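For reference, the structure is listed below as structure tokens.
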Protein chains: 2
Amino acid sequence: ISPLRWEGGVLRLIDQRLVPYETKWLDLKSWEEVRDAIRDMVVRGAPAIGITAAFGMALCAIGFEGDGGDELLEVLEEAGRGLNDARPTAVNLSWAVKRMLNAAQSAKDAGHSVMEIKGLLEKEAINIWMEDVISNLEMGKFGAQLIKDGSTILTHCNAGALATGGYGTALGVVRYAHFSGKRIKVLADETRPWLQGIRLTAWELLEDGIEVEVICDNAAGFFMKRGEVDCVVVGADRIALNGDVANKIGTYSVAELAKANSIPFYVAAPFSTIDISTRSGEDIPIEERSSIEVTTIKGITLGPENVIARNPVFDVTPNELITAIITDRGILSPPYEDAIERCLRKSS
Amino acid sequence: ISPLRWEGGVLRLIDQRLVPYETKWLDLKSWEEVRDAIRDMVVRGAPAIGITAAFGMALCAIGFEGDGGDELLEVLEEAGRGLNDARPTAVNLSWAVKRMLNAAQSAKDAGHSVMEIKGLLEKEAINIWMEDVISNLEMGKFGAQLIKDGSTILTHCNAGALATGGYGTALGVVRYAHFSGKRIKVLADETRPWLQGIRLTAWELLEDGIEVEVICDNAAGFFMKRGEVDCVVVGADRIALNGDVANKIGTYSVAELAKANSIPFYVAAPFSTIDISTRSGEDIPIEERSSIEVTTIKGITLGPENVIARNPVFDVTPNELITAIITDRGILSPPYEDAIERCLRKSS
């Protein structure tokens, strides 16, 4: 399962607002259409948003009708700003945009023609996508070591194939454990207001024949306290240098409940989710979306007509609640600032 | 607002499954109809269920066509068992049934005729109802002392007028604080799966002109951590002798999050909610209802067709997470076993 396809100049996205009721692919041909798709939640999940934005940049270049390299770079920078603004919290978006801009700059500096730069940017976007799939497999392999045979794993939101280029971060760990022969079960928080848990996570796992039961978000603590949860694995939208993790609203609550019940709490995310320019969780902007996303489901009004809801869509889990961070470069343990710096030194 | 009316031999219940979309009153004329209404969530909220069951017992007596007191008592005992089985967790149900049976027994022992016993049982049910409303006002008065001017109060589920004979337990405290001139705001957890928070609590508070914002259950921790919650007030379905509290699923999680963020966590419930025959929360049966209540809303399927959900509808909050229990006999502080015993001695 992958949430996107690239068909020579057209980005096709599965409309995740409709999964699993309907399989509808949207064809995007400009960076503006890509920006709107990100903003309107056609695609969601930090790594998937990053990949989508990379193709948005490629589409911007492909659609460029001039022949000056400088002019192309200006147009790309404008598209980059527009894409960045579509969702503020996930770092993968700005990371992918920056990588595409760097690729364009390098190609221009190396004396490539506009036509050549277009081809290189298409290749770079495909690379970002493929690297993500490989990174998920790496994470799965590392993370599966932490999953004992017979475990029940609680997860929140969807950090699966649909949230990434393919395999999944948190669900990549689950998949790897399952396909390597461990008997596991997943408890999936339904994840209001968008219901990614019951719609996307449950669907993905059922498709793969992995045992899953859905629970209301407010029941996670109940099952932990009853001893029915062996560990928690979630994804991440941005990780600060000190190991604080921004992820789907409700993640912090799950982490606090895991700590109170002495249950390991793992975050699975590609190393690129770590934003070294963000020192702590306090510096991460938290997106607040419209009230109507909470007060209605599929157009049906849930409460009184005049009720107002608050709708923050991410929260920050402080590093002290996180047992380990599973990345494609290995498993990071606290203190995270040291662990992250060691990883950075190793790769430089 | 009251969820029930008694019109000489007919119990009228507002169908709380439809509030606030539709105001539909159901007419119940037999104890079996009352049992079904309790089981099917036409009426919910521990005190309201108790009052409804009392009228169920009265309807059983009124419908009795024999003329033997012993026979009437047998019929009442059978009805009592049927009503008790409708919902297992709330103690108010069995408490009200027992009180009605005791009233019948006393009346028979005192030599009253079947006709007289019928009248006395109707009166006893009305007494239970009116006592509950008075008890709510007492609780409101005691509890409002704990609410500072300018507070934001987080609540879970609906412990309001609709959950009681009239005024509300947790929302009784909120109402009393509001109408005594304190500026307060309520954050209402939407409370999946039945959405009592957005449907009932938000509606009641908007009707009374009290400021309210709804949040998804998984956002409570976020707002606590941001310093936007000054205290939590919830109701209770059963309180054990050691102060452990069974209440709507999710209450335990809210309590754990309140503790982690140093926020006072208050439970408001009539003293009759304390079940001295239950030593601790471990002895409280937790009702688990059907999967479909989670996987659908208003008949709309939320996830894949073949997904299964777990649906425990209550949880137990351990006494050490509870700052105080607000009752109609005053505010109880830990250790609760001592506080409860002092109250019992005072009244005997």
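Before moving on, here are some points about what is shown:
- A:Ile325 vs. criteria modelled with pLDDT of 95 or more, open to solvent by less than 20 Å² (accessible area, probe 1.4 Å) and more than 14 Å from every other protein chain (Cβ to nearest Cβ): yes
- Restricting B:Thr164, B:Thr152 to those that are within 14 Å of another protein chain (Cβ to nearest Cβ) and among the β-branched types (Val, Ile, Thr) reduces the list to B:Thr152.
- Residues in region A:105-126 that are in a loop (DSSP other than H, G, I, E, B) and over 14 Å from A:Glu71 (Cβ atoms): 3 in all.
- The condition of being free of Cβ contacts under 8 Å to residues at least 24 places away in the same chain, within 10 Å of chain A (Cβ to nearest Cβ), touching a strand residue (DSSP E or B) at 6+ places or on another chain (Cβ under 6 Å) and not basic (Lys, Arg) holds for only one of B:Thr301, B:Thr295, that being B:Thr295.
- Here A:Met130 passes the criteria (1) touching a residue at least 24 places away in the same chain (Cβ under 8 Å); (2) more than 27 Å from A:Asp244 (Cβ to Cβ); (3) in contact with a helix residue (DSSP H, G or I) (Cβ under 7 Å, 6 or more places away or on another chain); (4) part of a helix (DSSP H, G or I) except the one numbered (3).
- Some residue of region B:237-252 being hydrophobic (A, V, I, L, M, F, W, C), within 21 Å of B:Ser151 (Cβ to Cβ) and either surrounded by fewer than 24 Cβ atoms within 10 Å (Cβ to Cβ) or in contact with a strand residue (DSSP E or B) (Cβ under 8 Å, 6 or more places away or on another chain) (or both): no
- Qualifying residue in region A:112-131 (condition: farther than 19 Å from A:Gly63 by Cα, surrounded by 20 or more Cβ atoms within 10 Å (Cβ to Cβ), under 17 Å from the mean Cα position of the chain (by Cα) and among the β-branched types (Val, Ile, Thr)): yes
- Restricting region B:10-40 to residues that are more than 20 Å from the chain's Cα centre (by Cα) and within 14 Å of chain A (Cβ to nearest Cβ) leaves a set whose member that is farthest from B:Trp129 (Cα to Cα) is B:Tyr21.
- Of the residues making up region B:13-34, just one is in a helix (DSSP H, G or I) and over 26 Å from B:His112 (Cβ atoms), namely B:Glu33.
- Members of region A:92-111 that are free of Cβ contacts under 8 Å to residues at least 60 places away in the same chain, open to solvent by 70 Å² or more (accessible area, probe 1.4 Å) and not polar (S, T, N, Q): A:Lys98, A:Asp109, A:Ala110
- For region A:53-91, taking the residues that are acidic (Asp, Glu) and not in a helix (DSSP H, G or I), the one that is surrounded by the most Cβ atoms within 10 Å (Cβ to Cβ) is identified as A:Asp85.
- Count of residues meeting criterion [within 18 Å of the chain's Cα centre (by Cα), among the charged types (D, E, K, R) and within 23 Å of B:Val254 (Cβ to Cβ)] in region A:253-288: 1
- You will find that of B:Glu282, B:Glu293, B:Glu341, B:Glu305, the residue that is charged (D, E, K, R) and outside any helix (DSSP H, G or I) is B:Glu305 and no other.
- Considering only residues in region A:308-317 that are open to solvent by less than 20 Å² (accessible area, probe 1.4 Å) and part of a loop (DSSP other than H, G, I, E, B), the one that is farthest from the other protein chains (Cβ to nearest Cβ) turns out to be A:Val313.
- Contact annotation: residue pairs with Cβ atoms under 7 Å, 6 or more positions apart or on different chains, pairing a residue in region B:177-198 that is at the interface with another protein chain (Cβ under 9 Å from one of its Cβ atoms) and without any contact (Cβ under 8 Å) to a residue 24 or more places away in the chain with a partner that is surrounded by 24 or more Cβ atoms within 10 Å (Cβ to Cβ) and of a type in the set (Asp, Glu), are B:Ile198/B:Glu190.
- Residues within region A:199-227 that are open to solvent by 10 Å² or more (accessible area, probe 1.4 Å), under 12 Å from A:Pro20 (Cα atoms) and more than 9 Å from every other protein chain (Cβ to nearest Cβ), tallied: 0
- Pairs, first closer than 17 Å to B:Ala58 by Cβ and in contact (Cβ under 8 Å) with a residue 40 or more places away in the chain in region B:68-88, second open to solvent by 80 Å² or more (accessible area, probe 1.4 Å) and not aliphatic (A, V, I, L, M), C-beta under 8 Å, six or more apart: B:Ala86/B:Arg39
- Being farther than 29 Å from B:Arg192 by Cβ, surrounded by fewer than 17 Cβ atoms within 10 Å (Cβ to Cβ) and more than 14 Å from chain B (Cβ to nearest Cβ) is a property that holds for A:Pro334.
- B:Arg17 vs. criteria farther than 22 Å from B:Ile276 by Cα, charged (D, E, K, R) and touching a strand residue (DSSP E or B) at 6+ places or on another chain (Cβ under 6 Å): no
- Being exposed (fewer than 14 other Cβ atoms within 10 Å of the Cβ), more than 30 Å from A:Leu205 (Cα to Cα) and modelled with pLDDT of 95 or more is a property that does not hold for B:Asp283.
- Some residue of region B:278-287 being within 14 Å of chain A (Cβ to nearest Cβ), more than 27 Å from B:Gly172 (Cβ to Cβ) and free of Cβ contacts under 8 Å to residues at least 40 places away in the same chain: yes
- Among the residues making up region B:228-269, those that are of a type outside the set (A, V, I, L, M), touching a residue at least 12 places away in the same chain (Cβ under 8 Å) and within 13 Å of chain A (Cβ to nearest Cβ) are B:Glu228, B:Asp244, B:Asn247, B:Lys248, B:Gly250, B:Thr251, B:Tyr252, B:Ser253, B:Glu256, B:Lys259, B:Asn261.
- Verdict on A:Leu121 being in contact (Cβ under 8 Å) with a residue 12 or more places away in the chain, under 22 Å from A:Glu74 (Cα atoms) and among the hydrophobic types (A, V, I, L, M, F, W, C): yes
- Among all positions in region B:148-166, there is at least one residue which is open to solvent by less than 60 Å² (accessible area, probe 1.4 Å), touching a residue at least 24 places away in the same chain (Cβ under 8 Å), of a type in the set (Ser, Thr, Tyr) and in contact with a Lys or Arg (Cβ under 6 Å, 6 or more places away or on another chain).
The values are calculated or read from the model by the stated rules, or taken from the named source; none is laboratory data. All values derive from a computational prediction rather than experimental measurement. FYI the Cβ positions are ideal-geometry reconstructions off the backbone, even for glycines, and counts take in every protein chain you see. Each accessible area value is taken on the protein alone, full model and side chains, heavy atoms only, with ligands, DNA and RNA left out. Shrake-Rupley method; radii C 1.70, N 1.55, O 1.52, S 1.80 Å.
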